[in-house]
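The values are calculated or read from the model by the stated rules, or taken from the named source; none is laboratory data. Computed from a predicted structure; not experimentally measured. Cβ atoms come from the backbone with ideal geometry, glycine included; neighbour counts cover every protein chain shown. Accessible surface areas use protein heavy atoms only, side chains included; no ligands, DNA or RNA. Shrake-Rupley method; radii C 1.70, N 1.55, O 1.52, S 1.80 Å.
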Amino acid sequence: MSNIDKATVAKIARLARIKIEDQKLEPLAGELNNILGWVEQLSEVNTDNIEPMSSVVDAKLRWREDVVSDGDKADSVLKNAPNAEYGFFAVPKVIE
């Protein structure tokens with residue numbers, strides 16, 4: 001099992017440019033050691049013949065036909081435009 005001490009936590013914090021007060025280094029070292037211990041424990045689990053999955057729920061995605069549609073709302077959308085021309089938003093020229 002990995003053993004992270006206060007000096008290692010301080011070095012990691014310095015490299016990450018994170019300011020950590022000295023009295024918080026020891027508790028953080030304990031937390032990091034617990035996390036690494038849990039990760040090591042996970043590596044002991046036998047995953048042979050287990051298919052990778054993207055979710056814990058066995059659900060299939062619902063498929064729909066991919067149809068391009070403008071929603072027939074161009075007129076109502078352009079009502080909000082301060083200036084519209086030829087069915088598009090018109091904006092002032094910004095290139096000199």
Exercise for the section: Filter region 26-72 down to residues that are of a type in the set (Val, Ile, Thr) and modelled with pLDDT of 85 or more and give me whichever is nearest to Ala13 (Cα to Cα). Expected result: Ile35
Completion exercise
In region 1-25, anything within 19 Å of Trp38 (Cβ to Cβ), in a helix (DSSP H, G or I) and among the hydrophobic types (A, V, I, L, M, F, W, C) is listed as Val9, Ile12
Problem - Conditions (1) more than 28 Å from the chain's Cα centre (by Cα); (2) open to solvent by 80 Å² or more (accessible area, probe 1.4 Å); (3) among the small types (Gly, Ala, Ser): number failed by Ser76 - result: (2)
Exercise for the section: List every residue pair whose Cβ atoms lie under 7 Å apart, where the two residues are 6 or more positions apart in sequence or sit on different chains, the first residue falls within region 22-47 and is within 12 Å of Asp5 (Cα to Cα), and the second residue, located anywhere, is open to solvent by 100 Å² or more (accessible area, probe 1.4 Å). Expected result: Asn33/Asn3
Exercise for the section: Report, by residue number, each residue of region 1-12 that is among the small types (Gly, Ala, Ser) and in contact (Cβ under 8 Å) with a residue 12 or more places away in the chain. Expected result: Ser2, Ala10
